[in-house]
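Every number in this text was worked out from the coordinates using simple rules, so none of it is lab data. This one's a predicted model, so the numbers in the text were calculated from it and none came from an experiment. Virtual Cβ from ideal backbone geometry, glycine too; neighbours counted across all protein chains shown.
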Amino acid sequence: MKLAATLLAAEGTNPLLPHTYELVVGVFSFAVVVIVVGRILTPRIQKALADRTEAIEGGIKKAEDAQAEAQSVLKQYHDRLQEARQEAARLRDEAREQGAQIKAELQEEARVEAQRIIAAAHAQIEADKQQALTQLRAEIGRLSTDLAGRIVGESLEDEARQRRIVDRFLEELENTNAAVR
């Protein structure tokens, strides 16, 4: 080490200090870099950063606007859905009322029709009863005149006489039935 120190001392230059041409080249290079970076690249970088910031802020603004519009559309959808539900409920109530009204009308029509059918049936029964009684009277009258003619031994062909005998016979029969009841 002593040898190296002696050699360096003999040269007379300090190894820590650069040579003058290196200093000039270094300062010139530094100045070129500062000028290129400071004058050319920095504005471009600043412009790119500003553009990006603007694009991001614009995107955020667009996203906020889109979100606000989506919220508005969602509110309109919920309002319309609520209106549709209310309309459906109103229609259901109207349908129930109409159904009850129709049911009542049909029941009334059925009741009226049933009464008409019952009245017609009673009238038919009464007519059938009267017809049966008429036929029964005629048959009883014919049989009784035949029987009376055989018992008496004379012909009871006279119609007026037959009627009187049959009417008397039926009155006696009705009186007997009334007394039995």
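In terms of overall dimensions, the range 58-156 has a Cα radius of gyration and Dmax of 41.2, 137 angstrom.
When you work out D = kT/(6 pi eta Rh) for the range 1-139 at 37 °C and 0.692 mPa s, using the Kirkwood radius from C-alpha pairs as Rh and the Stokes-Einstein form, the result is 116 µm²/s. Rounded, prolate or oblate: which one fits the range 27-94, using the alpha carbon gyration tensor with axes a ≥ b ≥ c (rounded when a/c is under 1.5, else prolate when a/b beats b/c, else oblate)? Prolate shape, in that a/c is at least 1.5 and a/b is the bigger ratio. Around the Cα centre of the range 21-162, unit charges on the Cβ atoms of Lys, Arg, Asp and Glu (plus for the first two, minus for the last two) sum to a dipole of about 1180 debye. Along the axis of the charge dipole computed for the range 14-69 (Cβ charges of +1 for Lys and Arg, -1 for Asp and Glu, origin at the Cα centre), the listed residues Gly38, Leu23, Ala55 are led at the positive end by Leu23.
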